[in-house]
Amino acid sequence: MSSNNITYKVIIAHFFNPINDKKCEFLEDYAIVAKRTTKGDYKIIDRMPKAQLSAYLSRKKNVEIIDKSGQYVIPGLYDTHFHWVQDAVCEMPKANLLHWLENYTWPYEANFKKLAFARKKAKEFTNKIANNGTIGGACYGSIHSHSVSEALKNFKGDYVLGNVQMTMNSPEYLTMGVEETIAQTEALAKQYKDKYAVTPRFAITTDPVTMAAGAKTAKKHRSFIQTHLSETENEIDFVLSIYKDIKGFEKVKTYTEIYDKVGLLTPKTIMGHGIYLSPKELKLLSEKQTMIAHCPTSNAPIKELGLGSGLFDYKRANRFKVHWALASDIGGGPFLSMLDVINSFVMQNHKRGHRDTSYTQGLYRASLAGATSMKLEQESGNFELGKKLHFVSLGSKKMSASLTTEEKLKKLIKRPNKDRALYTDLIEATYYNGNVISGR
């Protein structure tokens, strides 16, 4: 029988069910039951101890049992900021953000001008990201329209894509005219609606007229908006030095104000990084309900294969009630694994003295908080009733029954630096909507 014709799907496993920064349920030897909807989705309708399952199933017909007994299962993961067109440059030297862009990233992105190249790379990348347990996120393409269409055609999961807008201070081979960029953005937003993200690369490379037009386009088609904000101090200085000479922006004091003036701060906007933000900027982001994608592996010290940009102060963001989620920033980040991102998030904060930063918090910020950034928290992000059946099996591991949920997560996720490239080995299978999209 075709998997798509099955009425009920039941998964048996040990489940981690993230609730918030402090709380994650551990459902030991549990069964989660999902039922097929008229749209073909599998939504969770029941949860019970495994011992109760046979009596429950005696009243059901057309059931598929996905038996992961003894294995640990987490929700499908969300990556709220990454560049699929930068996967090949993720391990290039990164002593300086702007230098790395000019010498490695931009020359590689130029290859995506060729449709055949983009198509081949999209097929390769979709398998790679599914192998890492990621089932959705907000993603940057190159300037080329087919870097959006090929990705959306191939990626398995809840992805939002945008082609980067580059109209100034960019290499000639990646620069487009203002009118051409505005027209391209309108056409893609009209076609893909809420699967599209208006994507100024950042204020250095995208002029204010283009950004303002993009903000209107996003509102019109209910598209997302994504860009970069305050990743490094020299980037901020450069942005402000440019805009003081642009009419209407002469008195702007902060990077965030520039985006506000062109209308880019909205509840569907995800700002990458946000490391160096003043209280005034955080207050503005909070008022506009604009979100931050925190990229710990990308911003990590150079010896940890990051760009050395600094560490996002999540506690301060929390005080200002700015929503944030974790992201790999692949390209800038060295590995696609959100488990690697969680581990780096915990380790870096512990080194800074934040001993209360936990794997429970990391898992929440890579699952339910990520789904919230994507406006999918009602249908994804954990194993609550009514949500779609997205999950990642992490295989089995002997653990003492006396361990707390946090200790179990730490035992599963914590890795020394030398083993970071091996996180895919931890993932036994990735399921999206009850169907396997990657498995050993």
So LEU339, is it open to solvent by 10 Å² or more (accessible area, probe 1.4 Å), under 13 Å from ILE74 (Cβ atoms) and not acidic (Asp, Glu):
no
- prompt: Hey, does segment 164-176 have a residue that's buried (at least 24 other Cβ atoms within 10 Å of the Cβ) and closer than 30 Å to LYS411 by Cβ?
  reply: no
Exercise for review: Inspect all residues belonging to segment 393-400 and state whether any of them is open to solvent by 10 Å² or more (accessible area, probe 1.4 Å), without any contact (Cβ under 8 Å) to a residue 24 or more places away in the chain, of a type outside the set (Gly, Ala, Ser) and in contact with a helix residue (DSSP H, G or I) (Cβ under 7 Å, 6 or more places away or on another chain).
Suggested key: yes
Of (1) out of contact with any Ser or Thr (no Cβ under 6 Å at 6 or more places or on another chain); (2) under 25 Å from VAL252 (Cβ atoms); (3) crowded, with 24+ Cβ neighbours inside 10 Å, GLY274 satisfies every one except (1)
LYS195: passes all of (1) open to solvent by 30 Å² or more (accessible area, probe 1.4 Å); (2) free of Cβ contacts under 8 Å to residues at least 40 places away in the same chain; (3) closer than 28 Å to ASN132 by Cβ but (2)
**Item:** Test for LYS35: is it open to solvent by 50 Å² or more (accessible area, probe 1.4 Å) and either among the hydroxyl-bearing types (Ser, Thr, Tyr) or within 23 Å of TYR359 (Cα to Cα) (or both)
**Value:** no
The condition from (1) part of a helix (DSSP H, G or I); (2) over 15 Å from the mean Cα position of the chain (by Cα); (3) not hydroxyl-bearing (Ser, Thr, Tyr) that ASP340 misses is numbered (2)
When segment 146-196 is checked residue by residue, the ones that are of a type in the set (A, V, I, L, M) and more than 21 Å from LEU115 (Cβ to Cβ) are VAL160, MET168, VAL178, ILE182
Scanning segment 321-336 for residues that are touching a strand residue (DSSP E or B) at 6+ places or on another chain (Cβ under 9 Å) and more than 25 Å from ASP87 (Cα to Cα), the one surrounded by the fewest Cβ atoms within 10 Å (Cβ to Cβ) turns out to be HIS323
Counted residues in segment 284-329 being within 17 Å of THR254 (Cβ to Cβ), of a type outside the set (Phe, Trp, Tyr) and touching a Lys or Arg at 6+ places or on another chain (Cβ under 7 Å) come to 1
Output for Cβ contacts, cut-off 6 Å, separation at least six or different chains, first residue in contact (Cβ under 8 Å) with a residue 40 or more places away in the chain and in a loop (DSSP other than H, G, I, E, B) in segment 347-363, second surrounded by fewer than 19 Cβ atoms within 10 Å (Cβ to Cβ) and not small (Gly, Ala, Ser), reads SER358/GLU406
- Message: Going by what's in this entry, would TYR259 be described as under 23 Å from the mean Cα position of the chain (by Cα), open to solvent by 50 Å² or more (accessible area, probe 1.4 Å) and not polar (S, T, N, Q)?
- Response: no
Among (1) touching a helix residue (DSSP H, G or I) at 6+ places or on another chain (Cβ under 8 Å); (2) outside any loop (DSSP other than H, G, I, E, B), SER286 falls short only on (1)
Counting only residues that are assigned to a helix (DSSP H, G or I), of a type in the set (S, T, N, Q) and in contact (Cβ under 8 Å) with a residue 40 or more places away in the chain, segment 292-317 contains a total of 2
Looking at segment 233-243, is at least one residue open to solvent by less than 60 Å² (accessible area, probe 1.4 Å) and modelled with pLDDT under 95?
-> yes
Here the residues within segment 365-389 that are touching a residue at least 40 places away in the same chain (Cβ under 8 Å), under 15 Å from the mean Cα position of the chain (by Cα) and assigned to a loop (DSSP other than H, G, I, E, B) are SER367, MET374, LYS375, LEU376, SER380, GLY381
Checked pairs for segment 164-181, first in contact (Cβ under 8 Å) with a residue 60 or more places away in the chain, second polar (S, T, N, Q) and surrounded by 20 or more Cβ atoms within 10 Å (Cβ to Cβ), C-beta under 7 Å and 6 or more apart or across chains, list as ASN169/THR205; SER170/THR205
When segment 406-440 is checked residue by residue, the ones that are in contact (Cβ under 8 Å) with a residue 12 or more places away in the chain and surrounded by fewer than 18 Cβ atoms within 10 Å (Cβ to Cβ) are GLU406, LYS410, LYS411, LYS414, ASN417, ALA421, THR424, ASN435, ARG440
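The values are calculated or read from the model by the stated rules, or taken from the named source; none is laboratory data. Since the structure is predicted, the reported quantities are computational estimates derived from the model, not experimental observations. Heads up, the Cβs are rebuilt from the backbone with ideal geometry, glycines too, and the neighbour counts pull from every protein chain shown. Side chains included, ligands, DNA and RNA excluded: accessible areas come from the protein's heavy atoms. Shrake-Rupley method; radii C 1.70, N 1.55, O 1.52, S 1.80 Å.
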